[in-house]
Amino acid sequence: MQSCLPFSVAPCLLAVFVSLIALTTSATPRHVYLTWQGDTSRTITVNYQTLEPTETSTVYYDTKPRNGRHADYRYTATGSAHQIPGLADGRKIHWVELTKLTPGKTYYLIAGDLQHGFTAERKFRTVPAGSQSLRFVVGGDMGISSDGADLLQQSAKLSPAFGVIGGDIAYANDALTNYTRWDAWLDHWETNMVTPAGYTIPMVLAIGNHEVRGGTSPYMTNAQFFFRYFAQDHERSYCTRTFGKNVAMYLLDTGHISPHGGEQAAWLDAQFTAQRNVPHKFAVYHVPLYPSVRGYDGGGSAAGRKAWLPLFDQHHLTTAFEHHDHAFKRTHLLRENKYDPGGTLYLGDGCWGMPARKVDLELHWYEVKSTSLQHFWCVDVSRRKVEYRAVNKAGQVFDVYPPNSAGAEAAEKIYESLTQPKPTATVTPAAP
Ligand SMILES: [Fe+2]
Ligand SMILES: [Fe+2]
């Protein structure tokens with residue numbers, strides 16, 4: 001080993017200094033990201049991870065920036081930490097829920113402790129509690145490619161209040177050896193999902209087959225990264241969230257941990273009833289009921305239509321965001337499994353980073369559009385209406401719905417230029 005002799009004091013001091021910096025850097029929390037366990041206007045859960053044997057889980061926060069000086073923050077909140085059994089680095093996942101927040105307000109926070117270090121200061125905004133306009137982004141099937149990072153950057157540019165992922169997140173299949181995929185995915189989100197004004201964008205997640213060992217299991221312990229990395233719901237693989245007075249969202253499980261029917265369907269029925277006065281209801285789930293690539297009679301799709309279509313129709317679901325097929329699609333409005341101007345819109349199909357799969361040149365009876373394009377959806381909601389825009393990784397809006405919304409014509413031209421050859425409508429546009 002090289003020793004620090006008098007003639008090399010300067011390089012040695014430099015080495016010690018660099019080591020100290022490295023030590024400090026590596027000791028700070030490995031990740032920090034935001035989820036909700038309940039009220040989206042008055043709470044937020046700060047998830048952060050540490051690689052050291054930390055004993056406390058603490059967030060310092062304030063309504064003013066404090067530049068990371070922990071003693072200057074007016075509020076602190078403590079939570080709990082847990083681990084993933086068998087994960088070699090023994091990391092701790094900390095969940096600290098901030099409560100009694102003010103709706104529509106900006107907060108600044110740091111997480112960590114004095115001994116091991118803090119995260120850099122981040123700011124976020126609680127969701128307004130009233131009928132204010134709201135924007136969110138949604139998509140699925142992301143993975144850890146640079147395409148996903150590019151699409152996240154485009155998402156953040158639009159300053160959404162939150163981002164929703166409809167399953168197939170890091171493609172880690174709940175394997176312990178794939179933990180670095182989760183690290184890469186979280187790095188992508190933390191780095192890119194910051195708005196131009198500097199707001200960290202919270203995430204809302206639904207489960208997909210690639211979050212579960214084997215794709216399907218009755219045990220939550222076979223999707224432990226999904227349930228232990230993200231503080232959302234501790235008891236079920238599906239949950240609901242409301243955002244202000246205009247939006248109710250149902251994050252559903254397309255049979256990966258919980259079957260579509262039975263308890264989940266009964267729960268969904270009860271939630272729809274409880275939120276019957278919310279004007280816009282969105283379902284987000286993984287396997288499409290109206291697939292763009294896979295077969296219409298595929299098991300997951302058929303089971304979804306059997307268990308959920310009667311509920312979607314009865315309770316007037318506004319829009320279902322579907323994923324899993326890695327393509328782009330927009331359907332007609334559908335009710336009772338046929339066209340109906342008062343029906344539900346189905347948007348998909350999960351291509352927020354994964355390569356786009358080829359779609360058939362002939363459209364399915366339920367599709368208005370279907371093509372092989374990576375994208376996410378940007379959704380603008382007000383009391384009276386909802387507008388949907390599909391955005392690609394170059395930031396181009398290539399589909400707008402409804403067609404009388406701003407930018408729809410320009411989007412149509414972009415869609416034409418991006419979609420070659422153009423799919424054709426089916427000769428018999430009738431539901432089976
Ligand atoms: Fe996928
Ligand atoms: Fe999938």
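Worth a mention:
- Estimated from helices alone, the mean residue ellipticity of the chain at 222 nm is -6500 deg cm²/dmol (sum of -39500 (n - 2.57) over DSSP H runs with n ≥ 4, per residue).
- Within a straight-line Cα-Cα reach of under 16 Å, K393 can be paired with the following aspartates and glutamates, leaving aside sequence neighbours fewer than 8 residues apart in one chain: D141, D147, D150, D349.
- Gaussian network model of the chain, springs between alpha carbon atoms under 10 Å - residue of G304, G130, G163 with greatest fluctuation: G130
- Region 134-418: radius of gyration and largest Cα-Cα distance (Dmax), Å: 17.3, 49
- Note on T76 and Y219: the model spin-label points, each 7 Å out from Cα along the C-beta direction, lie 3.9 nm apart.
- Distance (nanometres) between label positions extended 7 Å along Cα→Cβ at Q314 and Q153: 4.8
- Under 12 Å from the D233 label point (7 Å along Cα→beta-carbon), backbone N, region 285-320: 285
- Note on region 312-394: semi-axes of the ellipsoid equivalent to its C-alpha gyration tensor, largest first and rounded to whole Å, are 22, 17, 10.
- Accessible-area order (highest first, 1.4 angstrom probe) of the listed residues E367, E121: E121, E367
- For region 134-418, the relative contact order comes to 19 percent (Cα pairs under 8 Å, sequence separation of at least 6).
- Comparing P218, P128, P29 in a Gaussian network model of the chain where C-alpha atoms under 10 Å apart are linked, the largest mean-square fluctuation is found at P218.
- Relative contact order (%) - criterion: Cα under 8 Å, at least six apart; region: region 32-125: 34
- Note on the chain: GNM, Cα springs under 10 Å; of G342, G166, G148, the largest mean-square fluctuation is that of G342.
- Note on E336 and A302: the extension gain reaches 10.9 nm, defined as 0.36 nm multiplied by sequence separation minus the Cα-Cα distance.
- Subset of K105/K281; K64/K92; K245/K413; K100/K329; K306/K369 violating a 31 Å alpha-carbon distance limit: K245/K413; K100/K329
- Helix axis angle, 9-27 relative to the chain longest principal axis, alpha carbon, degrees: 40
- When DSSP beta bridges are restricted to pairs lying wholly in the chain, around 75% turn out antiparallel.
- A straight line joining the Cα centroids of region 72-112 and region 212-226 runs 25 Å.
- Rounded if a/c under 1.5, otherwise prolate or oblate - region 80-204, Cα gyration tensor axes: oblate
- Computed from the Cα positions only, the extents of region 32-125 along the three principal axes stand at 40, 29, 16 Å, in decreasing order.
- Using a Förster distance of 30 Å, the FRET efficiency for T180-A406 (Cβ separation, nearest 0.05): 0.10
- Unit charges on C-beta of K, R, D, E only; dipole of the chain, Debye: 1060
The values are calculated or read from the model by the stated rules, or taken from the named source; none is laboratory data. Here the structure is a predicted model, which is why all the values come from computation and not from measurement. When we count neighbours, we look across all protein chains shown, and the Cβ atoms used for this are built from the backbone with ideal geometry, even at glycine. Calculation scope for accessible area: heavy atoms of the full protein, side chains included, ligands and nucleic acids excluded. Shrake-Rupley method; radii C 1.70, N 1.55, O 1.52, S 1.80 Å.
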